[in-house]
1. Just for the protein assembly as shown, what percent of DSSP beta bridges are antiparallel, to the closest 5?
2. Can you list, bin by bin at 10 Å, the percent of alpha carbon pairs in segment C:42-131, starting at 0?
3. In segment C:270-483, with Lys and Arg counted as +1 and Asp and Glu as -1 at Cβ, which of these residues, C:456, C:403, C:474, has the Cα nearest the positive end of the dipole, that is, farthest along it?
4. Just to confirm the filter: which trypsin sites (Lys or Arg not before Pro) across segment A:426-495 are DSSP coil and have at most 13 other Cβ within 10 angstrom of their Cβ?
5. Under 13 Å from the Cα of residue A:362, which aspartates and glutamates turn up, not counting those fewer than eight places away in the same chain?
6. Please tell me the relative contact order of segment A:401-503 in percent, rounded to the nearest whole number, where contacts are Cα pairs under 8 Å and at least six residues apart.
7. Give the span of chain C's Cα atoms along each principal axis, as three whole-Å numbers ordered largest to smallest.
8. I'd like the trypsin sites (Lys or Arg not before Pro) in segment C:11-114 restricted to DSSP loop residues with at most 12 other Cβ atoms within 10 Å, sorted by number.
Amino acid sequence: MTSNQWLPLAVIASSLLPGLIIFALPEKRVALRTALNLAGALAKAGLVGLLIAGVAAGEEYGLRHAIAPGIEIVFKADALALLFVTLSAVLWLFTTLYAIGYLEHAPHRSRFFGFFSLCVTATMGIAMAGNLFTFFVFYELLTLATFPLVVHRGTPQAMRGGSIYLAYTLAGGAALLAGIVWLDHLAGPGEFTQGGLLAAIPGLDPLTLQLIFALLIAGVGVKAAIVPLHGWLPQAMVAPAPVSALLHAVAVVKAGAFGIVRIVYEIYGIEFAQSLGLLLPLAVIAAVTILWGSSRALFQNDLKKRLAFSTVSQVSYIVLGVALFGPLGTIGGLVHLVHQGIMKITLFFCAGNYAETLGIHKVSEMDGVGRRMPLTTLAFSIGALGMMGAPLTAGAVSKAWLSDGASAAGMDWAIWVLWGSSLLNAAYFLPILHRAWLKLPPPDWPHEEIHPVGRRETAWLLLLPPLFTAVLTVAVALFADSSFSPLAWVRLIAEREYPNISP
Amino acid sequence: MSAGLIYAATGCLLFVLGLGGVLLLKALLRRILAFNLMGSGAFLVLVGLAQRDGTPDPVPQAMVLTGIVVAVAATALALTLARRWHALTGREDIARVGDAGSRARRMANDRRKVGR
Amino acid sequence: MTPLLDPLAWLILLPLLWATLAFLAADRHGPMLALAGIGGQLLCVIALAGDVASHGSIGHLAGGWAEPLGIRLVADGLSLVMLLLTQGVALTLALYARSYFSQATPPAFWPLTGFLLAGMNALFLSGDLFNLYVTLELVGLAAVGLVAAGGGAAQIAAALRYLLATLVGSGAYLFGVALIYGSYGTVSASLLGSLITSEAPLAVWLAGGLMLTGLLLKTALLPFHFWLPPAHGGAPAPVSALLSALVVKASFYLFLRLWLGPFAALSEALPALAQVPAALGATAILWGSWRAIRADRLKMLVAYSTVAQLGYLFLIFPLLGTGALALQAGILQATAHGLAKAAMFVAAGTLIKVGGSDRVLGVAGAAAHLPVSLFAFALAGVTLMGLPPSGGFLAKWLLIDAALAAGQPWIVVVALSGGLLAGIYVFRVLRLAFRRPTTHDDVPLPQRPAALLEWTAFALAAGSVLIGLGAAPLLALIAGVQP
């Protein structure tokens, strides 16, 4: 086995093996469990670094294993895969640190971190899947591994959230499976191919292909929380904050959005999808989702619920970017895959900090919280400004490319959608910032758990991750033009997907 | 009609009678007897149909012998179970699945268990 | 190979031998005899596997007697897979049972298990219709004895009901054999395959109908499923596992063999006939799942799940014309379900034994104190739902592929919705297990069960999942089957 074959496997194993060992660990082996978690996360980050260097230099990484005639598990670490792999690996590292702090005295931590590692393993599999079969295997594994995390608290609300999550995702999985097998039946193994697999096969019935497209998009659209398949996301916010981070930024919704990217670009091919008339309906659905999510967020008093509806809206920026024909839209959508992750994880970390430190769950309880927790609130503010698309933040970069993409694709109405969404974002985030910084704090916090020590407003492990990701939010924008930014990587991908048009 | 066919026709009749008995009767002992009737019917068909030329065919004879042994074993097991059932409940029939009676009994059993 | 060393014969003789010894030893050495015996059987199957893989099909005449008086044993890829499944599951269950019955073994548990295995192995290896009848009866009677082994009134009633059902089933089968012998003067399955044509007399059609219906009764396909839930749900856990995982598969195997072999001409003459088992199977999937969703007791839930999962096996009949795909789907489903259902029943047994309640609600909070058993239950559930990478998933994939190839999209819909329904009843249990226990802290946690009880369940469940990743040799074996 060459290194080009084992490197993708090693990336998967770096979270799978620690996860399996952690399952077997007794609850009280805190130090060993923490060491395993961190070693896995760091090893993964290192391995991903090796992959990036290789892919940038034009190396090809991949592996196949036949499990039945015509059915293969295929891994392929191409540029697009690495975009998602890197995002998840980096954010996983932060989330692990955060979760260690967050769950310091909670029960069943072995179980929690075991499934946590499985989730990331599944995400790596989704990112590096080389065909639809492999994608589906890990996509369903992700569903199964996240369920125990969503219901981790064991309360009736958690149970309800978990059931709703399963109902949506399992039904979506069934639709996806139907679509994949149908496609396999018509066109052979659904190998992800640059420029599109179906584009190269003549004589396929357009109506059948449109139906299959609908099945596939419905299947992955559940996880991407496209309206009307988004109902599970606000319900699942009952989970502990690190899980919300996982659902909203690292793994689940990203897996859905990433699936849409793979299906549109590498199964259908962007030009073929355009000729089948599939892109306009997709863009319309994305636009509806963007506006619907933002307007629902406006009326939520529960902080995490407001953030959840905000995710519904923001993830569809990615979908919209995919549906805008042309390299500019592609760049905007793909770069938002990364940017949304960084910004949203910051917001969820901060929401978790408010809840853990002061017992604040509602927007109406946030008066003056900026004075008690200035650093957390600063990070929250950066994340929120980024979501609105304020200058010098990651959000601004995404929005600029998306707008250019919309006008290049001749869909000027999409620019209005983006502007409308920015206004709505401001309408639901600015009042929070106003409360937090400018109003006077109440005499007592709802449930103060962690008391300040000097300049440390809460536990270190809770404070550092959001500060890091907030810095990243600004950094990816400031250094967008450097050759190490997500934007630069995304331009590389777009060049490869549109060999004939230079962005 | 040759003698063989007469045997076979009688066998068919016995089989149907037996089948009806197993399915429709209530008393366990009668149902066990009815099962034996079914078996005998099948054996009669087996020897009857194989005797077309008037020369006896040894193969079905061997089969019927084997079959009788199997039927005896099955009958013995059925009788043992029926006796045990009678000893435990004092009943000579088993209620059909889904009967109101059996459901009520099941629920009573469950309640007892919960009570413990 | 000398007759004395032929693994085909020993696969039947060994279980008869150790069962007799276990009976004579009056349960004292039962577990050891069983483990040694089944271990030996497993070695025989492995020895056989090499021959079958290279020759396709091998035969043996018992005692050197020629047909028709002699008994001919044959093994091909299909029987090999079933043999492997049977010995593998039986060995793991024997380990479990040894620990489960550590205090008191039900009378005759070990001898009956041995006779059951002898009957099953003989069934998979027999090539003539009358021997198959004898093996069917042997399997049926031993299984009834095992159901009654619990000794309570409910178990005796379940055993009696099961006995009457199985006797009617094999009676119908025997009557069919009599009609066939009367028409053709032979009961050899391979000879009959070429003798029976689409112009067969009415008696042969009648025989086919009776034999196949009798087998459906024994396989508990809806509407003949009534006997299964009380028998499988009421027996002790190792027995439930043995019955649900293996015994019902034996009569399915025979149904499939008859359909592909002697009666192939009949089903080809009237293709609509194949829709009958498929339609019954589809109804079984929906009805069985519904009852499992509504079940009040844990083992009844698992038993009704068997009713539903057996339905999948019969969906393949209208698709058999599409080459090996449908057959592979069916056998893979039988294998994966066998492993998963055994795992689920023994995991449920442990949960009930430790938790002290046989209700579904009794599982509440089990994730905290019985994680391994619960994980086994969940993994088995993954197979039943047909989620990747399990064997159940690959089977479903192949089934859907075959259904599309045969132009029967309704089967796709049934297969997918069956998976979702399975999701409802599996997660009904898992959800409860994650619920925070409502009892107060002063109630002591139940004692941990023996490790063997938990890990045997886990091994079976893991097997049912891993077979999805390593199915290539198994599928190749089935693809080589010549009906």
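1. Values: 19 of 19 bridges.
Here the share of antiparallel DSSP bridges comes out near 100 percent.
2. All Cα pairs considered, the percentages come to 15, 39, 29, 14, 3.
3. With unit charges placed on the Cβ atoms, the residue in question is C:456.
4. Details: sites: A:435, A:439, A:455, A:456, A:491; in loops: A:439, A:455.
Within segment A:426-495, the qualifying trypsin sites (Lys or Arg not before Pro) (loop, at most 13 other Cβ atoms within 10 Å) are A:455.
5. A:302
6. Details: 29 pairs, mean separation 8.2, N = 103.
The normalised contact order for segment A:401-503 reaches 8 percent.
7. Computed over chain C, the largest-to-smallest principal extents equal 75, 54, 42 Å.
8. Numbers: sites: C:28, C:72, C:98; in loops: C:28.
Sparse-neighbourhood loop trypsin sites (Lys or Arg not before Pro): C:28.
None of the figures in this text is laboratory data; all of them are computed from the coordinates on show. All figures in this text were calculated on a predicted structure; none of them were measured in a lab. All Cβ positions, even for glycine, are placed from backbone atoms using ideal geometry, and neighbour counts span all protein chains on display.
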